[in-house]
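Report on the structure given below.
The values are calculated or read from the model by the stated rules, or taken from the named source; none is laboratory data. Keep in mind that what you see is a predicted model, and the values were worked out from it rather than measured. Here Cβ is always computed from backbone atoms with ideal geometry, including for glycine, and neighbour counts include all displayed protein chains. The protein model used for the area step is the full one, side chains on, heavy atoms only, and it has no ligands, DNA or RNA in it. Shrake-Rupley method; radii C 1.70, N 1.55, O 1.52, S 1.80 Å.
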Amino acid sequence: MAAAQTRAPLAGSLAADDGAARAVLALVPLAVATIAALAAGLAGVHSRGLIGTPFEPFAFGFFVERFPLAAFLVVYAVVRVALLALIPPGPSRFLRLALLPIALALVLVPALYPTFGGLVIRAAYFTGGMAFLQGTPLAIAYPVGAFVSAFVFAAGLGAAAIVARARMTFGVRAALGGAARLLALWFAAMVVAAPTALGLPIVGDWPVWPLTAPESLAAAALVALALAPHALIVWRSGR
């Protein structure tokens, strides 16, 4: 009995209902995505520089040139899913790690297959584009497309989270939490689409050309702003 009591705190030392774990689940994905945006800019990463690398198939195309910052939402999602597989609660860590490749695929395939944007951005572009062609003002068509994009992305991320944690939560609270996360991702989609939607030269001609240092800082700030609401929800909920 004493041994079990001794082991319990160790086994639960980083559980999702702990303040430290809540901070990790919320802030680490946000920090990694923000730092990735800053590092990509400061390192001079751009499309032509990726020729001959494994990233070449995703470095060119209409969607990557118009919505390049969406790549860092994918980074955020990948880190979040990985942490969900590592941090209790849930079944055995071995089971969660065994399911992790499936969980990651649920995030990556909709966002990157067959090329950058995948179903996530293509669904948004089709919906928003059709709305615009039917006479909807652009100021409304963009948020409509962003919502569709956020819905597809949230569905993949939510399914990935369930698989990574090997558990599902039901009830009104879970439904409200899911709705709040969807709205947060809708906000994120609109923020990363803002440079294109508003014609703002925030990130210059990236990824066709490298970012300057000020543009790198601006890109990182946009990514942080986009993902902050979702990270705050994660921090408050612990999931």
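For the structure I just gave you, tell me whether ARG167 is of a type outside the set (Gly, Ala, Ser), open to solvent by 40 Å² or more (accessible area, probe 1.4 Å), assigned to a helix (DSSP H, G or I) and modelled with pLDDT under 95. No, not satisfied. Please work out if GLY158 is surrounded by fewer than 19 Cβ atoms within 10 Å (Cβ to Cβ), part of a helix (DSSP H, G or I) and at pLDDT 90 or above. Answer is yes for this residue. Scan the range 205-220 residue by residue and report those that are in contact (Cβ under 8 Å) with a residue 12 or more places away in the chain and either open to solvent by less than 60 Å² (accessible area, probe 1.4 Å) or not in a loop (DSSP other than H, G, I, E, B) (or both). Residues satisfying the conditions are TRP206, PRO207, VAL208, PRO210, LEU211, ALA213, GLU215, SER216, LEU217, ALA218, ALA219, ALA220.
Of all the criteria given as (1) in a helix (DSSP H, G or I); (2) buried (at least 22 other Cβ atoms within 10 Å of the Cβ); (3) under 16 Å from the mean Cα position of the chain (by Cα), the one not satisfied by GLY145 is (3). For the range 187-204, the candidate set comprises residues that are out of contact with any Pro (no Cβ under 8 Å at 6 or more places or on another chain) and part of a helix (DSSP H, G or I); within that set, the residue that is surrounded by the most Cβ atoms within 10 Å (Cβ to Cβ) is ALA189.
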